[in-house]
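Structure, as structure tokens:
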Amino acid sequence: MANFIKNTTFFVKTTPFSGSIRSFSTGLLAKGCCFLAILFFFTETLSAQPWLKSKKIIRMTNPAPATAPPPRDGLFLQPSGCQNALNYTPNPKHPEQTPLKLVRVNVHFVNTRSGKYNYTGDQGIAFAQDLIKEANKSLAENKHVWLPHGNEIPVLPTRYQLVLFPQPNRPIDKGVYFNNDDECAFYVHKGKDENLFDHRVVDRYAVGKDSIINLFIMPHQPDSMRSPHYSRTANGVGVMIYDAIKMAGIFETKWPASSYRGVFNHELGHFFGLQHAWYYDNCDDTPDHDNPCWDWTPNPPCDVKASNNVMDNNAQQNAWTPCQIGQIHFRMSTESNVERQYLVHNWCTLQPGEDLVIKDTVAWKGAKDLLGNITIAPGGQLSISCRVSMPEGARITVQPGGKLILDQAHLHNACGKQWEGIETPGSLFQKKGQVIFQGEIKIENTLRRVN
């Protein structure tokens, strides 16, 4: 886990940096309309993120912090700066400026003691590995959303991937486990014995529960499957229970792992704060709809009403909107959020090939955990208005003709390690790059502030 102890601190009118605590929505709220939010959206968000200037996006809203009261009209006003999830949407022209986040997951196959209701051994390991690969493929190949029909919503990179994570210091551990337990082997999707939110299997068998998302692949109860009414809705179902996921209907169908990547990514979306997209979910690039179509057809109504959004119930589940991606990265990048502990902390030290070169005018208004050095080239300008973590040993170099603007910025190493600080090389015949301080600045864990 990351060490957040500050070793060396420089202050310029400092105030404590704070983040938002994770919040859960426990109900569905009706959408409202507010002129103030629309005005704020156009003046604050679209000016900061030009790639979101879509004709079909009218307004986007943000998840409320845990301390905020529920809105009376179903609308959260846009917070500013670091607390605005839309400032975390990746720039499609510079996706590398949103460093790739890695999510730790492991997989459990739950079975009875007889061992006949689920995958075992090498078959289970191979299926788990394929499921992670297929889920990552969808994340890497984000598709254009079908709803609203005829929209011009941008397709942004998701910039996160899943890692099958074994227990440390156990060479034979592959991050795949087999749990035989007659008492909690079965998943009952509906009916009087429904047990979607039963915690027993998680409490007994979760591995690395505070830092790894445990996926439990479970069989349906055989008696339930004999009912045609039950079995029609039992294939590929899942539920997220705080930091664990239960999925069922996999062994029974024997379908390939690619058939379940959408269900898995859907439940992971819930873990990172996303709600069902067909109703009020704090994103206005995911319109309300009656969710009538499982898949697209050439005939009405599913020629215009079918959805492929990952947070809808549909056959595709392969599209994330800008607002959804922004919400996910907001939660991943806010230090006080629980979800952050489930990421590989690859931002602590320098990663090969991850240096950034800023050649044009760039504004970072959301927090970032960088993996390499920053170089601001001649003619380039970088404005930082939030938290930026620099890896151990990294430096920010402002070349002659380059400009760095620190506006309410917080520069540090999120793991408490030291980085090299800000360098402005130059000579008698060459003017140094500019570093401009605006507002309250906090620079930590560095050997020097500006050199």
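The values are calculated or read from the model by the stated rules, or taken from the named source; none is laboratory data. Keep in mind it's a predicted model, so treat the numbers as computed, not measured. Glycine gets a Cβ as well: all are built from the backbone with ideal geometry, and neighbour counts include every protein chain shown. Side chains included, ligands, DNA and RNA excluded: accessible areas come from the protein's heavy atoms. Shrake-Rupley method; radii C 1.70, N 1.55, O 1.52, S 1.80 Å.
Each residue was assigned an accessible area with a 1.4 Å probe, and for residue 427 the value is about 60 Å². Charged side chains reduced to their Cβ positions (Lys and Arg at +1, Asp and Glu at -1) give the stretch 100-140 a dipole of some 140 debye around its Cα centre.
If you take all other residues with their beta carbon under 10 Å from the beta carbon of residue 349, and give Lys and Arg +1 and Asp and Glu -1, the sum is 0. Sorting 361, 424 on solvent-accessible area from highest to lowest, probe radius 1.4 Å, gives 361, 424. Simple spin-label estimate for residue 315 and residue 223 gives 3.5 nm between the two label positions (7 Å along the Cα-to-Cβ direction from each Cα). In this simple spin-label approximation, residue 427 and residue 183 carry label points 7 Å from Cα along the Cα→Cβ vector, and these lie 7.6 nm apart. Here the accessible area is traced with a 1.4 Å probe on the protein chains. For the stretch 252-410, carbon and sulfur cover 51 percent of it.
For the stretch 359-451, what proportion of DSSP beta bridges, expressed in % and rounded to the nearest 5, is antiparallel? Approximately 5 percent, going by the DSSP bridge assignments. Between residue 149 and residue 130, the modelled labels are 3.6 nm apart [label points 7 Å from Cα along Cα→Cβ].
Dipole magnitude for the stretch 112-202: about 160 debye, using +1 per Lys or Arg Cβ and -1 per Asp or Glu Cβ, origin at the Cα centre.
For the stretch 157-251, trypsin sites (Lys or Arg not before Pro) are listed when DSSP marks them as loop and at most 13 other Cβ atoms sit within 10 Å of their Cβ; the list is 192, 226, 232. Taking the square roots of five times each eigenvalue of the Cα gyration tensor of the stretch 304-451, the equivalent ellipsoid has semi-axes of 34, 18, 14 Å, listed largest first. You can think of it this way: the chain between residue 357 and residue 172 has 62.5 nm of extra reach, that is 0.36 nm per residue less the Cα-Cα gap. Along the stretch 382-387 the Karplus relation, 6.51 cos²θ - 1.76 cosθ + 1.60 evaluated at θ = phi - 60°, assigns HN-Hα couplings of 10, 10, 10, 10, 7, 7 Hz to successive residues, with x for each Gly and Pro. Can you pick out the pairs among 116/143; 116/190; 137/254 whose Cα atoms lie more than 32 Å from each other? 116/143, as the Cα separations exceed 32 Å there. Amide H contacts for residue 178 (H built 1.01 Å from N in the peptide plane; partners 5 or more residues away or on another chain; cut-off under 5 Å): 109.
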